[in-house]
Amino acid sequence: MTTEQMSTRTCLAVVLAAGEGTRMRSSRPKVLHEIGGRTLIGHVLSAVGAIGGRTAVVVGPGQYAVVAAAKALVPDAAFFVQQERHGTAHAVLAAKAALAPQDGDVADDVVVAFADTPLVTHETIMRLRGALVGGAAVAVLGFRPADPSGYGRLIVEGGGALVAIREDKDATAAERAIGLCNSGLMALAGGTALKILDQIRDDNAKREFYLTDAVAVARAMGLATVALETDEDEVLGVNTQAQLAEAEAVLQQRLRAAAHAAGVTMVAPETVHLSADTKLGRDVIIEPYVVFGPGVTVEDGAVIRSFSHIEGAHIGRGAKVGPYARLRPGADLEADVHVGNFVEVKAARLEAGAKANHLSYIGDARVGAGTNIGAGTITCNYDGFRKHLTDIGRDAFIGSNSALVAPVKIGDGAYVASGSVITSEVPPDTVAFGRAHQTNKEGMASRLRAVLKAGKKGA
Ligand code: UD1
Ligand code: MG
C-alpha cells in the first residue's frame, strides 16, 4: 500500500480519553501529563493527525482542560462526552455522530486509539489501515508483553486468523496462557463499523461494552478480522507515575536515536533530555547533561555545552552555548553567537557573532551583530509593572557589570564603560561613562586602618 493510494482514503480517528486516571494520584487529568514536553493526548493526536482525516475525542464529564488542550492542537476536532463509563465500545459509541455518514459518506477507515497510550507511531496506524485495504473489517494491534496478566488475549485460529479477543477477567485458564495481547489500537472499516459496534453487548464479567468484542461480532457477520503485532514498548499504557517515567524513557531513546541518525553528536546521550519537537541540525555537538524543553531548533554545527537548559529557543549555525547557559522562550541566537556560563537569555535576538560569555541577563532585547556583552551585564527589563526593550546596535561594547535600564537604546559601535548604569540613549560611536567618578586619597589607607583598629580595641 503506497502512501499515495492511502491518501485517497478518508479516515476518522476516535481518541478515547474518558478515563479518570485515579492511579496517577494527581489533580491533573492523566492524559495531560507530559512526556518529551508534550501531553500524552498530544502524542496520540499527533500520531493520528499525521495520517490526515477527521479526529473525534471522547472525554469524561467535566474534562474541560482536556478539551481545551486537544482543541489547541487540533482545532477542528469534534468532542464527545461519555457521561457514564460503560466500557470501551460504549466510549466509541459516544462519538456515534462522527461515525455516522457525513454528507452521505462514512470514512473509509476508523481508527480507535487510547489517549493514555502515547508511543503509538503513525507508521503502525498506517499498517492497521493497510489491513483494511486488504479486506479486513477489523484490524487489531497485538503485542507480547513480558507479563500478559490484565490484558485482553488475542485468540488466533490455526491458519493465523484472529477469531476473538477475550478480556482477562472473562478468560479461561487456557486462554490466559496466550501470550499475544490486545494493545487497544484498532482499525475498523468505516462501512461496517457502526453495524458492528451496535451489536456489542455487556454480557461479561465487568458488565461493560467491550470494544474488543468487535472481533467476534464481525466474524459472526462473515467479515474478515486480522491481528498485527508490534513491540511492547510502542503500546505502553500510562496508568501510574512509574509508567509515565517508563514511557518517557522509551520516548527519550527514540528521540536520541533520531538525533543520531540526523548526524548529531552526543557525548553521553543518556544524560541528554530532548523534547518531542526538538530540531537538531547536522554536526551539532551536545555535551553531557543538557535539557531541551519544547520548541527548540538548533542549526548545523552549533555546540551545546554541559548543564545548559534550553526551551523555546533558536540556536543558529555554529553558535556556542554554555556550559551552564539558560535559554528561555524567545531566545534567538543567530550564527556564531556565543552565550557562555551563567547567562540567561529571554525574548532576545542576538545577531550574528554577538557574544555574552559570562554571568548576564539579556531579556526583551536585541543585541546587534558582533557586539560584545561584558560579564555581569544586566538588561533591567522590568519596572515592577511592565517589560521594556533594550536595543543594542552592531559592533558595540558593553563593559562588565553594566545595568542597562530599559527602555533604552545603544547605537552601533557605542562603548559603555564598565559598571555603568545606562538610563538614556547612547548614540552610535559614543563612549558612555554611566558611573560616579572615582576619587583617590593617597596615603589614606594606612590611616584608615589605624582608626579602625583603635575603634575595635575600645569596643
Ligand atoms: C483495554 C482492552 C484490553 C487491552 C487493554 C490494553 C477493552 C474491553 N479492553 O482494557 O483488551 O488489552 O485495554 O491496555 O477494550 N475508556 C473510556 N470509557 C470507558 C472505558 C474506557 O473512555 O468507559 C478509555 C480509557 O480512558 C482508556 C481506554 O479507554 O484510555 C482503555 O480503557 P481501560 O479501562 O484502561 O481498559 P483495559 O481494561 O485496560
Ligand atoms: Mg488500561
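Observations
- Mean ellipticity per residue at 222 nm, deg cm²/dmol - from DSSP H runs of n ≥ 4 across the chain, formula -39500 (n - 2.57): -6500 deg cm²/dmol
- Relative packing of 105-115, 119-129, which averages over residues the other C-beta atoms within 10 Å, highest first: 105-115, 119-129
- Relative contact order of the stretch 309-459, defined on C-alpha pairs under 8 angstrom at six or more residues apart (%): 12
- Paramagnetic label zone (point 7 Å from Cα along Cα-to-C-beta, Lys195; backbone N under 15 Å) in the stretch 127-149: 136-138
- Pairwise centroid distance, computed over Cα atoms, of the stretch 249-281 with the stretch 365-425, Å: 36
- Percent RCO, i.e. relative contact order, over the stretch 135-184, from Cα pairs under 8 Å lying at least 6 residues apart: 48
- Candidate aspartates and glutamates for bridging to Lys409, where Cα separation is under 17 Å - those fewer than 8 sequence places away on the same chain excluded: Glu351, Asp364, Asp383, Asp391, Asp395, Glu425, Asp429
- Nearby aspartates and glutamates by direct alpha-carbon distance to Lys456 (threshold 18 angstrom, same-chain neighbours under 8 apart not counted): none
- The mean sequence distance of close C-alpha pairs (under 8 Å, at least 6 residues apart), as a share of the length of the stretch 249-398, puts its relative contact order at 12 percent.
- Most tightly packed first, judged by the mean number of other beta-carbon atoms within 10 Å of their residues, the peptides 450-457, 306-313, 213-220 read 213-220, 306-313, 450-457.
- Subset of Lys320/Lys387; Lys30/Lys96; Lys320/Lys346; Lys30/Lys71 violating a 20 Å alpha-carbon distance limit: Lys320/Lys387; Lys30/Lys96
- Share antiparallel - DSSP beta bridges, the chain, percent rounded to 5: 20
- Here Lys453 is the anchor, and the lysines within straight C-alpha reach of less than 27 Å, apart from those fewer than 8 places off in the same chain, are Lys441.
- Just so you know, the Rg over Rh for the stretch 305-456 is 1.12, from Cα atoms, with Rh as the Kirkwood radius.
Read the figures in this text as sums done on the coordinates, not as results from a lab. Just so you know, these numbers come straight off a predicted model, no measurement behind them. As a convention, Cβ positions derive from the backbone with ideal geometry for all residues, glycine included, and neighbour counts pool all protein chains shown.
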